[in-house]
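I have placed the structure first, in the form of structure tokens, so that the comments after it can refer back to it.
The values are calculated or read from the model by the stated rules, or taken from the named source; none is laboratory data. The structure presented is a predicted model; accordingly, all values stated were derived computationally and were not measured. Here the Cβ positions follow ideal geometry from the backbone for every residue, glycine too, while neighbour counts run over all protein chains shown. Heavy atoms of the whole protein, side chains included, go into the accessibility calculation; ligands, DNA and RNA do not. Shrake-Rupley method; radii C 1.70, N 1.55, O 1.52, S 1.80 Å.
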Amino acid sequence: MMNQFDAIRIEGGILSPDIFERLESNDLPGQRPQDFQVSQQRKLIDEIAEAYSDTLKYWTIFQTRLSKLPEKDTATSLTRDSLVIPFLGLLGYRLEYNKTAYKVGELTLSISHRAGDSEQAPPVHIVGIRQQLGRVPESGRPRLSPHALMQEYLNRSDALWGIVTNGSTLRLLRDSLNLRRQSYVEFDLESIFDGNHFQAFSILFRLLHRTRLPEGTDDADRCLLEQYYQHSIEQGSRIRDNLREGVEECIKQLANGLLSHPDNEELRKKLIESSGNDSLSPDEFYRQLLHLVYRFLFLLVSEERGLISNDLTYRDHYSISRLRRLQDSRVFRTEDDDLCCSLRVVWKLFSDEKLGEHLGVAPLNGELFAPIDIDQFLIHNKNLLAAIENLTYFKDSSGNRRRVNYAALDVEELGSVYESLLDLQPCITTKNGKLKFEFVGGTQRKSTGSYYTPQELVEQLVKNALEPVIKERLVSSERRVASGEASELTPEEKRYVYNFLSRPSGLAKRDEFG
């Protein structure tokens, strides 16, 4: 059965992972009835319930009318008039149709609506339910997908926030110069309406009500959505700090769990010996532990983004997310070692093509899942789950225990974690005849020159180094076509090039591709 929050997705870190819980608990500004222009005598939850009931009626009527349209009809007018405009009206929007396209520099961008009379009102782009938000229409017009069209407008204009929807999916976007990946909050409206997910609708209402957005461009930096966004930036810094601590504690739990298991005498012997082919230095032990933890982090991010496998057997019996579920119950924290044995199978799934295909898992090239020495040793379930717990939760500034949302985790967090771990020096001591793993201050980062390059610097390097080369190649190609040395691109190739270059912060600023 689908979880209520499965119908909502945060991509690219546009908002903090705990935004849903904080909205529900009124732990954010602007969550009183009067903040939604609702009478103080009326409960906000009653207002949301009434809006949800009315929306379901619109949805039912819309589905009936949609079934009568030819399959090739994109249903644009029906989607706008029978569903989206009435639905957003229940959230306080009074949409105005844009009779002419927006002109931004040399670009012409056809955004269908705006959220008010003012020309500066936030943009709202509505397309037919049979048009996917992330794909260019089959007709090739416009040359950008609905999502990319909205993002391009936000990036090139003074507008800060915008909404794009096809009636089945709705996305909230913000001005962004992120070159690597899209950033948005997505609501699966079809799942919310068909699955009777009132809780998810409540989150949508609280986050996207018209009173959350700015009136225009002048107050954009003061609107509630922008306050939530700035809070998320601050929260992201705290998550990075706490994730570093969590990874450090996870490594210590794994290390000492391995050292304490009675069947791992060979491991202890390897660490005690200071030389020889079978010896294992503390530095190498730590490197392998870090290797193991990054397997966990890679799979946690990939699984929560739905990138690994949709097979229920994998999810319920092999996934790392399964360990996150098990660690919530003390019942599974035993002195058995079956969980670490199951992990050996998981590592094999990603390195053996024939084995992985049975669970819908594609083998991954690279060394992440290649065998390492510590794979052969055992660890009790209680120690393994205690380690996973440190990757599952962090404490916020108020000391509240919050769950890490790996689906929203960006490379920034992983990079900062890796950089901080280079400042640690592993140390193995002996106390009462038992080995203990711990950290002391180290200098590996300085001695090796290993530093994580921030996103802003990477993007500036790409812009200054790569864009001029691409521009030169484009001009050179045009000259070769003009001189007859090369053939002109086909319409399909032109659309591909244009769509590639006109992504956020892309190069294509001229309406030159037919």
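Run down Leu312, Leu290 and say which single residue is open to solvent by 50 Å² or more (accessible area, probe 1.4 Å), more than 17 Å from the chain's Cα centre (by Cα), farther than 19 Å from Asp337 by Cβ and at pLDDT 85 or above. Write out each step before concluding.
On the way: Leu290 fails: open to solvent by 50 Å² or more (accessible area, probe 1.4 Å).
Result: Leu312 is the single residue among Leu312, Leu290 that is open to solvent by 50 Å² or more (accessible area, probe 1.4 Å), more than 17 Å from the chain's Cα centre (by Cα), farther than 19 Å from Asp337 by Cβ and at pLDDT 85 or above.
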If the Cβ limit is 8 Å and pairs must be 6+ apart or interchain, which residue in segment 334-351 that is within 15 Å of Phe369 (Cβ to Cβ) and assigned to a helix (DSSP H, G or I) pairs with which residue that is aliphatic (A, V, I, L, M) and open to solvent by 50 Å² or more (accessible area, probe 1.4 Å)?
Lys348/Leu355; Leu349/Leu355
Just the residues that are over 22 Å from Arg222 (Cβ atoms) and open to solvent by less than 10 Å² (accessible area, probe 1.4 Å), please, taken from segment 117-132.
Ile126, Gly128
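Do the conditions hold for Glu389, that is, is it assigned to a loop (DSSP other than H, G, I, E, B), acidic (Asp, Glu), open to solvent by 30 Å² or more (accessible area, probe 1.4 Å) and at pLDDT 85 or above? I'd like the intermediate steps shown before the answer.
Values: assigned to a loop (DSSP other than H, G, I, E, B): no; acidic (Asp, Glu): yes; open to solvent by 30 Å² or more (accessible area, probe 1.4 Å): yes; at pLDDT 85 or above: yes.
For Glu389, the condition - assigned to a loop (DSSP other than H, G, I, E, B), acidic (Asp, Glu), open to solvent by 30 Å² or more (accessible area, probe 1.4 Å) and at pLDDT 85 or above - is not met.
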Test each condition in (1) part of a helix (DSSP H, G or I); (2) open to solvent by less than 40 Å² (accessible area, probe 1.4 Å) for Leu280 and report the one that comes out false.
(1)
Just a yes or no: is a residue in segment 298-307 among the acidic types (Asp, Glu) and under 21 Å from the mean Cα position of the chain (by Cα)?
yes
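Results for (1) out of contact with any strand residue (DSSP E or B) (no Cβ under 9 Å at 6 or more places or on another chain); (2) open to solvent by less than 70 Å² (accessible area, probe 1.4 Å); (3) modelled with pLDDT of 70 or more; (4) in a helix (DSSP H, G or I), shown as yes or no for each residue.
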site	(1), (2), (3), (4)
Thr429	no, yes, yes, no
Lys463	yes, no, yes, yes
Arg479	yes, no, yes, yes
Gly506	yes, yes, no, no
Arg510	no, no, no, no
Name the single residue, out of those in segment 90-111 being under 25 Å from Ile203 (Cβ atoms) and surrounded by 15 or more Cβ atoms within 10 Å (Cβ to Cβ), that is nearest to the chain's Cα centre (by Cα).
Leu91
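Looking only at segment 11-56, filter to residues that are among the acidic types (Asp, Glu) and either more than 28 Å from the chain's Cα centre (by Cα) or open to solvent by less than 40 Å² (accessible area, probe 1.4 Å) (or both); which one of those is nearest to Ser183 (Cα to Cα)?
Kept after step one, since they are among the acidic types (Asp, Glu), are these residues of segment 11-56: 11, 18, 21, 24, 27, 35, 46-47, 50, 54.
Add one more test, that the residue is either more than 28 Å from the chain's Cα centre (by Cα) or open to solvent by less than 40 Å² (accessible area, probe 1.4 Å) (or both), and what stays is 11, 18, 35, 46-47, 50, 54.
Values: Glu11: 5, Asp18: 16, Asp35: 27, Asp46: 32, Glu47: 30, Glu50: 31, Asp54: 30 Å.
Applying the filter and picking the extreme gives Glu11.
Looking for whichever is touching a residue at least 12 places away in the same chain (Cβ under 8 Å) and under 25 Å from Pro214 (Cα atoms) here; the options are Leu56, Leu90. Which one fits?
Working: Leu56 fails: under 25 Å from Pro214 (Cα atoms).
Criteria check complete, one pass: Leu90.
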A careful count of residues in segment 57-89 that are loosely packed, with under 15 Cβ neighbours inside 10 Å, assigned to a helix (DSSP H, G or I) and not charged (D, E, K, R) gives 4
Mind counting the residues in segment 285-311 that are touching a Ser or Thr at 6+ places or on another chain (Cβ under 6 Å) and assigned to a loop (DSSP other than H, G, I, E, B)?
1
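May I ask you to verify whether Ile111 is of a type outside the set (Gly, Ala, Ser) and touching a Lys or Arg at 6+ places or on another chain (Cβ under 8 Å)?
On the way: of a type outside the set (Gly, Ala, Ser): yes; touching a Lys or Arg at 6+ places or on another chain (Cβ under 8 Å): no.
No: the conditions fail for Ile111.
For the subset of segment 431-456 comprising residues that are assigned to a strand (DSSP E or B) and buried (at least 16 other Cβ atoms within 10 Å of the Cβ), which member is modelled with the lowest pLDDT? Show your work before the answer.
Looking only at segment 431-456, we keep the residues that are assigned to a strand (DSSP E or B), and these are 431, 434-441.
Retained after the next criterion (residues that are buried (at least 16 other Cβ atoms within 10 Å of the Cβ)): 435, 437, 439.
Numbers: Leu435: 93, Phe437: 94, Phe439: 90.
Of everything passing the filter in segment 431-456, Phe439 is modelled with the lowest pLDDT.
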Identify, please: which residue in segment 352-371 is outside any helix (DSSP H, G or I) and either of a type outside the set (A, V, I, L, M) or on the phi > 0 side of the Ramachandran plot (or both) and is, among those, least open to solvent (accessible area, probe 1.4 Å)?
Phe369
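Here's the yes/no breakdown for (1) open to solvent by less than 10 Å² (accessible area, probe 1.4 Å); (2) within 23 Å of Asp46 (Cα to Cα); (3) among the hydroxyl-bearing types (Ser, Thr, Tyr); (4) touching a Gly at 6+ places or on another chain (Cβ under 9 Å):
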position: Gly162; (1), (2), (3), (4): yes, no, no, no
position: Ser168; (1), (2), (3), (4): no, no, yes, no
position: Leu173; (1), (2), (3), (4): yes, no, no, yes
position: Glu186; (1), (2), (3), (4): no, no, no, no
position: Gly195; (1), (2), (3), (4): no, yes, no, no
position: Arg222; (1), (2), (3), (4): no, no, no, no
